[in-house]
Amino acid sequence: MTPFGERMRKLRAERNVTLKEMAEAIGVSSAYLSALEHGKRGRPGWHLLQRIISYFNIIWDEAEDVVRLARISHPRVVIDTSGLAPQATELANRLADDISELDQKELAEMLAVLNRKKLKKK
């Protein structure tokens, strides 16, 4: 499941909405919506995101967060390390090879490092 899929499932549960009901309301199949939630489809396009945001009647910060989660929820990531240090290429390849072996604590630690770096930029 992707971060976006997790949020969609939570929103549906909070509002007691089935996949079928939501899919009909936003004009997609329930199979597609299920695949999107489970990370079996790529991230949704802008227009679909807008229909989802409108469907759940979410605004401002929460809507921005849904868009952010969609942006970081592509299940098949490509990392271009051309022109970067050799360690960047090694890190990208090691992560691709080893990510399935990391536990929740290790994933959280790695995300914390990246989040600290992002906060320093702001």
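At-a-glance table
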read-out	value
With DNA, RNA and ligands ignored, accessible area of F56 (1.4 Å probe; Å², nearest 10)	10 Å²
Which of A108, T2, I59, positive extreme of dipole for the chain (C-beta unit charges)	I59
Whole-percent carbon and sulfur share, accessible surface of the chain, 1.4 Å	54 percent
Per-residue HN-Hα couplings for the range 68-80 [Karplus 6.51, -1.76, 1.60; θ = phi - 60°; Hz; x = Gly/Pro]	4, 5, 4, 4, 9, 10, 6, x, 10, 8, 10, 10, 8
Most fluctuating residue given options S34, S73, S82, as computed from a GNM of the chain linking Cα atoms under 10 Å	S82
Cβ-derived FRET efficiency at R0 30 Å, T18 paired with H74, nearest 0.05	0.70
Relative contact order (percent, whole number), the range 5-119, Cα cutoff 8 Å, 6+ residue spacing	19 percent
The chain - mean residue ellipticity at 222 nm from DSSP helices (-39,500 (n - 2.57) per run, n ≥ 4, rounded to 500)	-20500 deg cm²/dmol
Probe 1.4 Å, protein heavy atoms only - accessible area per residue of the chain in square angstrom	75 Å²
Among the listed pairs K40/K117; K10/K117; K20/K121, those beyond 31 Å (Cα-Cα)	K20/K121
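The values are calculated or read from the model by the stated rules, or taken from the named source; none is laboratory data. The structure displayed is predicted, hence computed values, not measured ones. Glycine also receives a Cβ, built like all others from the backbone with ideal geometry; neighbour counts cover every protein chain displayed. Calculation scope for accessible area: heavy atoms of the full protein, side chains included, ligands and nucleic acids excluded. Shrake-Rupley method; radii C 1.70, N 1.55, O 1.52, S 1.80 Å.
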